[in-house]
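Some notes on the structure that comes next.
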Amino acid sequence: MQPNFFQLVYYLGIFFSLSLLIVNPAEAANLIEGFSHPESITADSTGRIFVSNIGEKMEPTAKDGDGFITELSADGTVKRKFFNPKGTLNAPKGLAVVNNVLYVADIDRIVGFNLQNSKQVFSLDLSAKTSFLNDLATIDENTLLASASDTGTVYQISIPNKQFVALSGQIPGANGISYDSQTKSIYVVGLGENFNGKGGIYKLTMAKPTAQFEQISVLPGFFDGIALLNDNRLIYSDWVGIQKPTPGAIYIYNANTKKADLLKLPIEINGPADFYYQPKAGLLWLPLTLNNKVAILKLN
């Protein structure tokens with residue numbers, strides 16, 4: 001597929017509506033402006049927040065050198081709009097912090113920056129396998145997970161050896177990843193085949209000898225971010241439609257009942273992407289890609 005296909009699918013799509021129970025209202029704690037198509041958010045152990053910015057134009061596969069990472073304080077104040085050196089990123093998306101290094105998924109490679117001095121200290125080329133890396137997640141201090149939306153693949157990456165292997169099973173339009181260290185399970189949401197909005201939720205339990213990704217929810221959507229809550233529940237974001245600016249949604253999925261509940265939001269969200277969930281504070285740091293804003297939502 002040509003790269004411009006992926007530029008188009010961010011704007012072209014199908015609208016799906018679901019008749020679901022509206023629960024757990026959220027409060028708007030803060031709304032931060034000044035981003036350039038923010039896509040992913042993560043934090044380090046000290047509470048520093050990092051936001052990836054695709055760039056001035058919504059071109060998620062353009063190697064134009066205008067992508068950047070913004071650093072926020074724990075209260076949402078912009079500390080550094082440009083954390084990484086100029087020109088070192090193209091269209092950054094998924095983020096993960098391991099051992100004082102911020103890892104970034106950037107189209108067809110993963111790069112790492114030292115959190116103290118912002119210098120690039122890691123690079124892994126995956127261009128032979130993908131041209132649309134999306135999200136990152138951490139298994140342990142030596143291992144990352146990375147989703148490739150164009151191939152529907154999740155890669156397990158050894159940081160010290162710079163080696164990677166594709167995990168078994170396909171996730172059409174693989175996007176957000178979350179790892180459950182207690183059950184050694186990986187959860188992934190997708191955008192659907194060719195980004196058609198028929199995405200689902202998939203699970204792989206690494207403890208099983210023949211583990212592969214299996215779909216656990218058939219509810220359709222343009223799914224992006226995902227995180228674990230508690231009591232076997234997941235929270236995930238849905239662009240809902242991408243043909244034109246369409247209000248997105250946040251859902252809470254119960255793996256026991258296999259039902260998803262729509263979260264009542266105090267604001268309209270357009271392009272809700274790969275969020276960061278702060279469990280102790282009950283805060284959801286949500287990048288609104290098409291609004292060029294980050295919303296901090298308090299979950300009740």
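The values are calculated or read from the model by the stated rules, or taken from the named source; none is laboratory data. The structure presented is a predicted model; accordingly, all values stated were derived computationally and were not measured. Neighbour counts are summed over all protein chains in view; Cβ atoms, including those assigned to glycine, are modelled from backbone coordinates with ideal geometry. Side chains included, ligands, DNA and RNA excluded: accessible areas come from the protein's heavy atoms. Shrake-Rupley method; radii C 1.70, N 1.55, O 1.52, S 1.80 Å.
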Which members of the stretch 136-186 meet the condition of being touching a residue at least 40 places away in the same chain (Cβ under 8 Å), open to solvent by less than 10 Å² (accessible area, probe 1.4 Å) and among the polar types (S, T, N, Q)? S147, S149, N175
Among the residues of the stretch 87-104 satisfying the criterion of being part of a loop (DSSP other than H, G, I, E, B) and out of contact with any Leu (no Cβ under 6 Å at 6 or more places or on another chain), which is surrounded by the most Cβ atoms within 10 Å (Cβ to Cβ)? A91
Expected single match for under 14 Å from S178 (Cα atoms) and out of contact with any Cys (no Cβ under 6 Å at 6 or more places or on another chain) among F195, F223 is F223
Of the numbered conditions (1) of a type outside the set (V, I, T); (2) more than 22 Å from N196 (Cβ to Cβ); (3) part of a loop (DSSP other than H, G, I, E, B), L297 fails exactly one; give the number of that condition. (3)
Unmet requirement for T246, which otherwise passes all of (1) modelled with pLDDT under 90; (2) open to solvent by 70 Å² or more (accessible area, probe 1.4 Å); (3) polar (S, T, N, Q): (2)
Please go through the stretch 122-149 and give me each residue that is in contact with a Ser or Thr (Cβ under 6 Å, 6 or more places away or on another chain) and charged (D, E, K, R), ordered by number. D135
Scan of the stretch 272-285 for residues that are in contact with a Leu (Cβ under 6 Å, 6 or more places away or on another chain), touching a residue at least 60 places away in the same chain (Cβ under 8 Å) and either of a type in the set (D, E) or closer than 10 Å to S237 by Cα (or both), ordered by number: F275
Every residue in the stretch 193-219 that is open to solvent by 30 Å² or more (accessible area, probe 1.4 Å), in a loop (DSSP other than H, G, I, E, B) and under 12 Å from G173 (Cα atoms), please. N196, K198
Looking at the stretch 75-93, is at least one residue hydrophobic (A, V, I, L, M, F, W, C) and touching a residue at least 60 places away in the same chain (Cβ under 8 Å)? no
In the stretch 260-294, how many residues are assigned to a strand (DSSP E or B) and either surrounded by fewer than 23 Cβ atoms within 10 Å (Cβ to Cβ) or not β-branched (V, I, T) (or both)? 17
What's the number of the only condition in (1) under 18 Å from the mean Cα position of the chain (by Cα); (2) in contact (Cβ under 8 Å) with a residue 24 or more places away in the chain that Q120 fails to meet? (1)
Do we find a residue being under 18 Å from the mean Cα position of the chain (by Cα), open to solvent by less than 20 Å² (accessible area, probe 1.4 Å) and under 21 Å from K298 (Cα atoms) anywhere in the stretch 64-86? yes
Could you figure out which of (1) out of contact with any Gly (no Cβ under 6 Å at 6 or more places or on another chain); (2) closer than 15 Å to N134 by Cα; (3) at pLDDT 95 or above isn't true of P92? (1)
With (1) of a type in the set (S, T, Y); (2) part of a loop (DSSP other than H, G, I, E, B); (3) under 24 Å from Q156 (Cβ atoms) as the list, and T257 as the residue in question, which single condition is left unmet? (3)
